[in-house]
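K.L.:
This is the structure I want to talk about, given as structure tokens.
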Amino acid sequence: AYDISACLVGSEMCIRDSPKGTEVAILQMNQSTTPLTGTPQQPYIDPYDNTALLDTLERLDALEASGGADLDKGIRTANGLPKRPTSLLIITDGLPTAPARGAVLTETDRVVLFNRALASPLSFPVNALLFPFQGDPSAAGLYWKLSTRTGGITLVPDEGWPATAKP
């Protein structure tokens, strides 16, 4: 069965148009990584289960950015899910910003954090949806490197997407 197993920094697009038989786990990634779908013990939901879907959409709507994003912890959490993911979608606006050792992280510091996350073993394709962010010029190339290494893809939509998308 087709399985979108996990999304870090979840989005409604992870579950919209999922094929029947798909199980989805959406994880919020900041200083820690926690499931927004299901329970910590069973984070997967059937996106065609209306109750689970509505609960997930409420959780997504209530999300607020807080703290930094710890990609290493996010990948380790995805690796430790009860069922092995068949793919991972990371939705982000740049390089990781946690754990921060100092008050201000440079791009070089964030590249180090990104490379530390790549040291985790990955046995599934990693896909990235990278929203435009000023200040991380190397982000697109690094996420592309990660996704191609694992058989995934990286997309960098235009600023203002999806509102700017043509039908």
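K.L.:
Hey, could you check region 69-81 for residues that are of a type in the set (Gly, Ala, Ser) and open to solvent by 20 Å² or more (accessible area, probe 1.4 Å) and say which is nearest to residue 18 (Cα to Cα)?
P.N.:
Ranking the qualifying residues of region 69-81, first place goes to 80.
K.L.:
Would it be correct to say that residue 66 is free of Cβ contacts under 8 Å to residues at least 60 places away in the same chain, open to solvent by less than 60 Å² (accessible area, probe 1.4 Å) and polar (S, T, N, Q)?
P.N.:
no
K.L.:
Here's a follow-up. Among what's in region 124-144 and is at pLDDT 85 or above and more than 16 Å from the chain's Cα centre (by Cα), pick the residue that is surrounded by the most Cβ atoms within 10 Å (Cβ to Cβ).
P.N.:
Once the filter is applied, the top-ranked residue is 138.
Okay, residues lined up against (1) free of Cβ contacts under 8 Å to residues at least 12 places away in the same chain; (2) closer than 10 Å to residue 69 by Cβ; (3) not in a loop (DSSP other than H, G, I, E, B):
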{"residue": "83", "(1), (2), (3)": "no, no, no"}
{"residue": "91", "(1), (2), (3)": "no, no, yes"}
{"residue": "98", "(1), (2), (3)": "no, yes, no"}
{"residue": "120", "(1), (2), (3)": "no, no, no"}
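K.L.:
Which one of the conditions (1) in a loop (DSSP other than H, G, I, E, B); (2) open to solvent by 70 Å² or more (accessible area, probe 1.4 Å) does residue 108 fail to meet, given that it meets all the rest?
P.N.:
Every condition holds for residue 108 apart from (1).
K.L.:
Of all residues in region 17-45, how many are part of a loop (DSSP other than H, G, I, E, B) and surrounded by 15 or more Cβ atoms within 10 Å (Cβ to Cβ)?
P.N.:
Residues that pass the stated criteria total 10.
The values are calculated or read from the model by the stated rules, or taken from the named source; none is laboratory data. Computed from a predicted structure; not experimentally measured. Here the Cβ is made from the backbone with ideal geometry for all residues, glycine too, and neighbour counts use every protein chain on show. Accessible surface areas use protein heavy atoms only, side chains included; no ligands, DNA or RNA. Shrake-Rupley method; radii C 1.70, N 1.55, O 1.52, S 1.80 Å.
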